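K.L.:
I am attaching a structure below and will ask some questions about it afterwards.
The values are calculated or read from the model by the stated rules, or taken from the named source; none is laboratory data. Since this is a predicted model, take the numbers as computed values, not measurements. Note: ideal-geometry Cβ built from the backbone for every residue, glycine included; neighbour counts use all protein chains shown. Heads up: the accessible areas ignore ligands, DNA and RNA and are worked out on the full protein's heavy atoms, side chains in. Shrake-Rupley method; radii C 1.70, N 1.55, O 1.52, S 1.80 Å.
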Amino acid sequence: LLYTSEFLQRGSQVAVLEMGGWDSHANQAAPGGATSSNLRTLDAALAALQRGLRDAGLWQCSVILVCTEFGRQVSINGTQGTDHGSGGAALLLGGAVRGGHVWADWPGLAAKDRFEGRDLRVTTDLRAVWRNILDQHLQVSRAALDTRVLPGTAGLPRLDLLRA
């Protein structure tokens, strides 16, 4: 991770960080496994980012989106892992975020409630989250969002994700 004060000294408003190693198909619940290790690393990174933003006096106006590019299946496979699936997850945090909410229509995990009987059903388009952050927080115009940034998303719902 780029050290927060160096990042802020550059006048940056947006950073994109990627963390690989999540595509594990085996031993996902193992305490020393890749998934557990990645979750500990992510936790430490987010805590360091929060400290750096607080120390710089910028936590209250920050929005951090942590998301996955794909989901996992609900059922555990034969190697104690999960395979690629439809439903994913995203975390939104920061001082500018209206926290304490789960933004989803929870379909349930029963086989009858799953997409194609195997996957968590997708209920929120992640592009709606991106769109609302770009519109409400970074003041990207809706015309730009509609035509250049996220074409085809104009009809997605407006989510009340951020503090006024």
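K.L.:
Quick one: how many residues across the range 140-162 are more than 21 Å from L92 (Cβ to Cβ), touching a helix residue (DSSP H, G or I) at 6+ places or on another chain (Cβ under 9 Å) and either loosely packed, with under 12 Cβ neighbours inside 10 Å or not polar (S, T, N, Q) (or both)? Full working, then the answer.
P.N.:
So the first thing to find is which residues in the range 140-162 are more than 21 Å from L92 (Cβ to Cβ), and the list is 141, 143-144, 146-148, 151-152, 154-155.
Still in the list and also touching a helix residue (DSSP H, G or I) at 6+ places or on another chain (Cβ under 9 Å): 141, 144, 151-152, 154.
Filter once more, so that each one left must be either loosely packed, with under 12 Cβ neighbours inside 10 Å or not polar (S, T, N, Q) (or both): 144, 151-152, 154.
Count: 4.
K.L.:
Taking only pairs six or more apart or across chains, which ones have beta-carbon atoms under 7 Å, a first residue in the range 93-116 that is in a loop (DSSP other than H, G, I, E, B), and a second residue that is small (G, A, S)?
P.N.:
Listed by first residue and then by second, the contacts come to G94/S62; G95/S62; A96/S62.
K.L.:
Any residue that is within 30 Å of Q139 (Cα to Cα), open to solvent by 30 Å² or more (accessible area, probe 1.4 Å), free of Cβ contacts under 8 Å to residues at least 24 places away in the same chain and of a type in the set (G, A, S) - is there at least one of those in the range 79-88?
P.N.:
Step one: of the range 79-88, the residues within 30 Å of Q139 (Cα to Cα) are 87-88.
Next cut, open to solvent by 30 Å² or more (accessible area, probe 1.4 Å) only: 88.
Of the ones still in play, those that are also free of Cβ contacts under 8 Å to residues at least 24 places away in the same chain are none.
Within the range 79-88, not a single residue is within 30 Å of Q139 (Cα to Cα), open to solvent by 30 Å² or more (accessible area, probe 1.4 Å), free of Cβ contacts under 8 Å to residues at least 24 places away in the same chain and of a type in the set (G, A, S).
K.L.:
Please identify the pairs in which a residue from the range 121-140 that is touching a residue at least 40 places away in the same chain (Cβ under 8 Å) and over 15 Å from G155 (Cα atoms) has its Cβ atom under 9 Å from the Cβ atom of a residue that is polar (S, T, N, Q) and open to solvent by less than 60 Å² (accessible area, probe 1.4 Å), counting only partners at least 6 apart or on another chain.
P.N.:
V122/S86
A quick yes/no check of all residues on (1) surrounded by fewer than 16 Cβ atoms within 10 Å (Cβ to Cβ); (2) hydrophobic (A, V, I, L, M, F, W, C):
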position: V102; (1), (2): yes, yes
position: G108; (1), (2): yes, no
position: D113; (1), (2): yes, no
position: R121; (1), (2): no, no
position: D125; (1), (2): yes, no
position: A128; (1), (2): no, yes
position: R131; (1), (2): no, no
position: A164; (1), (2): yes, yes
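K.L.:
Going by what's in this entry, would G71 be described as more than 20 Å from the chain's Cα centre (by Cα) and at pLDDT below 85?
P.N.:
In short, no.
K.L.:
Residues in the range 56-65: is at least one among the β-branched types (V, I, T) and modelled with pLDDT of 90 or more? Talk me through it step by step, then tell me what you get.
P.N.:
Here is the first cut: in the range 56-65, the ones among the β-branched types (V, I, T) are 63-64.
The next check asks that each one be modelled with pLDDT of 90 or more; those that pass are 63-64.
The answer is yes, given that some residue of the range 56-65 is among the β-branched types (V, I, T) and modelled with pLDDT of 90 or more.
K.L.:
Right, here's the next one. Tell me, which residue of the range 27-55 that is open to solvent by less than 50 Å² (accessible area, probe 1.4 Å) and assigned to a loop (DSSP other than H, G, I, E, B) is nearest to F70 (Cα to Cα)?
P.N.:
Only one residue tops the list, namely Q28.
K.L.:
While we're on this one: I'm trying to understand the selection: among the residues of the range 57-75, which are open to solvent by 50 Å² or more (accessible area, probe 1.4 Å), in contact (Cβ under 8 Å) with a residue 12 or more places away in the chain and either closer than 22 Å to L162 by Cβ or of a type in the set (A, V, I, L, M, F, W, C) (or both)?
P.N.:
L58, Q60, C61, C67, T68, F70
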